[in-house]
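The values are calculated or read from the model by the stated rules, or taken from the named source; none is laboratory data. This structure is a prediction, so every number in the text was calculated from the model and none was measured. Note: ideal-geometry Cβ built from the backbone for every residue, glycine included; neighbour counts use all protein chains shown. Side chains are part of the model used for accessible areas, which takes the heavy atoms of the whole protein and leaves out ligands, DNA and RNA. Shrake-Rupley method; radii C 1.70, N 1.55, O 1.52, S 1.80 Å.
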Amino acid sequence: MKRFISTAVLGCTMALFTSLAPAADRMVRSDRNFMEQAAQNGHAEVEAAKLAQSKSANQKVKDFAARMEQDHTKTNEELATLASSKNVKLPTEPSAVQKSKAKAMGTLDGERFDRQYADEMGIKAHEDTVKMFRKAADGAKDADVKAFAAKTLPALEEHLKMSRDLRASLGK
């Protein structure tokens, strides 16, 4: 009987600790990975936008970059709030690969810089991010993550269109 009671107490204790586990422990890896990658992409966009605003002489590029900085800063803040509610710690800067691309882009000047910024941070980055957000909007397991992705997706699709239009205006 003593053994039965000890086992029952142990079982109840384990159940209690399991139910108090942080939300991040209960999140599926793909949802957590989405949030982390979205954070890195958002930080990369903001940093590249600041670089473009300081380096470019083209007003269209500067205007696009200002919009990217504003929109991605807001999205980064919304994502940070969501992550905090899920006990997920997000990266606070771009990935090493993203930093390396920004550094290389920063060595360019004039029209070469403008075209590279439009190609890499405009079109390519937004194509990848739209694909990632679409996948999360359709398949995230966490309802809040899914809703965040679905809510953010239209703005990212608009950014992709804007970046294609910007690139077309810059010529070859």
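Quote the FRET efficiency, to the nearest 0.05, computed for Glu111 versus Glu157 with a Förster distance R0 of 45 Å and r equal to the Cβ-Cβ distance. Walk me through the numbers on the way to the answer.
Details: r = 27 Å, r/R0 = 0.60.
With R0 = 45 Å, the Cβ-Cβ based efficiency is 0.95.
Once you have the Kirkwood Rh of the stretch 49-92 from its Cα pairs, apply Stokes-Einstein at 20 °C and 1.002 mPa s and quote D in µm²/s.
Translational diffusion coefficient: 184 µm²/s.
Tell me, what is the FRET efficiency for Ala66 and Arg164 to the nearest 0.05, using R0 = 25 angstrom and their Cβ-Cβ distance as r?
Efficiency at R0 = 25 Å is approximately 0.85.
Could you state the accessible area per residue of the chain in Å², with a 1.4 Å probe and every protein chain left in place? Don't jump to the answer; show the numbers that get you there.
Details: 10280 Å² over 172 residues.
For the chain, the per-residue accessible area is 60 Å².
What Kirkwood Rh does the stretch 17-107 have if only Cα atoms enter the pairwise 1/r average? Answer in Å.
Details: mean 1/r = 0.0693 Å⁻¹.
Value: 14.4 Å, from the Cα pair sum.
Using only Cα positions of the stretch 89-172, each an equal point scatterer, no hydration layer, compute I(q)/I(0) via Debye at q = 0.17 Å⁻¹ and quote the log10 values to two decimals.
Listed by q, the Debye log ratios stand at -0.80.
Where does the chain land at 222 nm, in deg cm²/dmol rounded to the nearest 500, when only DSSP H runs of n ≥ 4 count, each adding -39500 (n - 2.57), divided by all residues?
The helix-only estimate for the chain comes to -26500 deg cm²/dmol at 222 nm.
Residues with beta-carbon under 14 Å from that of Leu160, excluding Leu160: net charge, scoring Lys, Arg +1 and Asp, Glu -1?
Its environment carries a net charge of -2.
Give me the percent of the accessible area of the chain that comes from carbon and sulfur atoms, probe 1.4 Å, all protein chains in place.
Working: 5770 of 10280 Å².
Answer for the chain is 56 percent, counting heavy atoms of protein chains only.
Between (i) 15.7, 45; (ii) 15.2, 48; (iii) 21.3, 84, which entry matches Rg and Dmax of the Cα atoms in Å as derived from the coordinates of this structure?
The listed entry that was calculated here is (iii).
Rounded to the nearest 20 debye, what is the charge dipole size of the chain about its Cα centre when +1 sits on each Lys and Arg Cβ and -1 on each Asp and Glu Cβ?
The calculation lands at about 500 debye.
For the peptides 35-41, 108-114, what is the packing order when you average, over each peptide's residues, the other Cβ atoms within 10 Å and list the highest mean first?
35-41, 108-114
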